Amino acid sequence: MMKNLFSLEGRTALITGGSRGIGKMIAQGFLESGAKVYISARKAEQCDATAAELSKYGKCISLPHDVSTVDGCKALAAHYCTFEKSLDILVNNAGAAWGAPFEEFPESGWDKVMDLNVKSLFFLTQALYNELKTAASADKPGKVINIASIDGIKINPWETYPYQASKAAVIHLTRRMAARLIKDNICVSAIAPGAFPSDMNRAARDAGDAVSQMIPAKRIGRDEDMAGTAVFLASKAGDYVVGDTLAVDGGVAYCSITEAWA
């Protein structure tokens with residue numbers, strides 16, 4: 001029974017924001033587990049380069065698109081459908097952050113973050129609904145994995161208002177989408193990463209030792225921590241996980257202890 005529990009052989013996956021950071025970690029994990037992987041990112045040159053780099057692990061195809069608008073989501077879905085008639089796994093990872101003082105926070109920053117992190121996640125899934133439904137069955141459910149953040153569970157000290165609000169929205173939206181799509185044998189779940197080194201989390205990338213001291217596990221996330229969680233949810237091993245969000249953060253969200261001050 002255990003032999004093929006985590007295998008992704010014969011499955012296709014599409015990962016947004018797949019050219020770097022968490023998306024790239026997941027893409028490599030999927031490829032090494034046997035999936036055929038399509039990655040998308042806004043910058044075509046970087047997307048193409050990452051697909052070429054990851055191709056040593058399996059078949060990785062670049063589909064550069066900007067999914068910050070509904071039209072962009074539809075364009076990516078249409079492009080994907082020129083290659084495949086169905087989709088086993090969708091990872092909604094593309095995201096943005098914006099920080100500014102409360103009294104100066106701009107509407108443009110608010111809209112950029114909320115549109116990409118929440119709105120586009122929903123509308124890309126909608127655009128690929130028929131392809132997900134085509135691939136799905138009771139014995140092999142389709143998978144939608146949304147990338148949230150522990151900032152949607154526990155506030156951080158930075159003034160990233162729409163980012164934290166958007167990631168909380170992703171967690172609840174995951175539950176609502178799961179309640180509907182499970183009727184079509186599509187399991188929707190989410191991952192809430194903590195400190196992983198990336199362009200978005202430069203503190204973890206550039207000051208990992210210092211950040212590690214604030215984490216109960218005393219280290220930042222490794223590529224295999226993220227890849228392993230995503231493979232679990234995408235594979236048969238995760239078929240009974242519906243609507244849940246897994247915090248992958250070394251204990252920050254649920255095990256951090258705030259010291260009392262006298």
Worksheet, complete the sentence: For region 12-255, shape from the Cα gyration tensor axes a ≥ b ≥ c, cut at a/c of 1.5 then a/b versus b/c, turns out rounded
Fill in: Most positive-pole-ward Cα, ILE182, HIS79, GLN164, against dipole of the chain from beta carbon charges
ILE182
Worksheet item: Among GLN164, GLN213, GLN28, which one moves the most in a GNM of the chain with springs linking Cα atoms closer than 10 Å?
Response: GLN213
Worksheet entry | Top of LYS36, LYS167, LYS56 by mean-square fluctuation, Gaussian network on the chain, Cα under 10 Å | LYS56
Discussion item. Classify region 86-167 from the C-alpha gyration tensor, please: rounded if a/c falls under 1.5, else prolate or oblate depending on whether a/b exceeds b/c.
Written reply: prolate
Worksheet entry | Packing-based exposure ordering (other Cβ within 10 Å, fewest first) of TYR80, TYR57 | TYR57, TYR80
Worksheet item: With each run of n ≥ 4 DSSP H residues scored as -39500 (n - 2.57), what mean residue ellipticity at 222 nm is computed for the chain after dividing by its residue count and rounding to the nearest 500 deg cm²/dmol?
Response: -11500 deg cm²/dmol
Practice prompt. Treat the count of other C-beta atoms within 10 Å as a stand-in for reagent exposure and order ARG11, ARG175, ARG20, ARG222 from fewest to most.
Written response: ARG222, ARG175, ARG20, ARG11
Practice prompt. Mind ranking 142-149, 176-183, 99-106 by how tightly packed they are, going by the mean number of other C-beta atoms within 10 angstrom, highest first?
Written response: 142-149, 176-183, 99-106
Discussion item. Classify region 39-94 from the C-alpha gyration tensor, please: rounded if a/c falls under 1.5, else prolate or oblate depending on whether a/b exceeds b/c.
Written reply: oblate
Practice prompt. Springs between alpha-carbon atoms under 10 Å, Gaussian network over the chain: tell me which of PRO157, PRO216, PRO141 tops the mean-square fluctuations.
Written response: PRO157
Worksheet item: Relative to the longest principal axis of the chain, what angle (0 to 90°, nearest 10) does the C-alpha long axis of helix 21-32 take?
Response: 30
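Read-outs: derived from the displayed coordinates by stated rules, not from any lab. Source: prediction; values computed, not measured. Every residue, glycine as well, gets a Cβ built from its backbone with ideal geometry; the counts of neighbours run over all protein chains shown.
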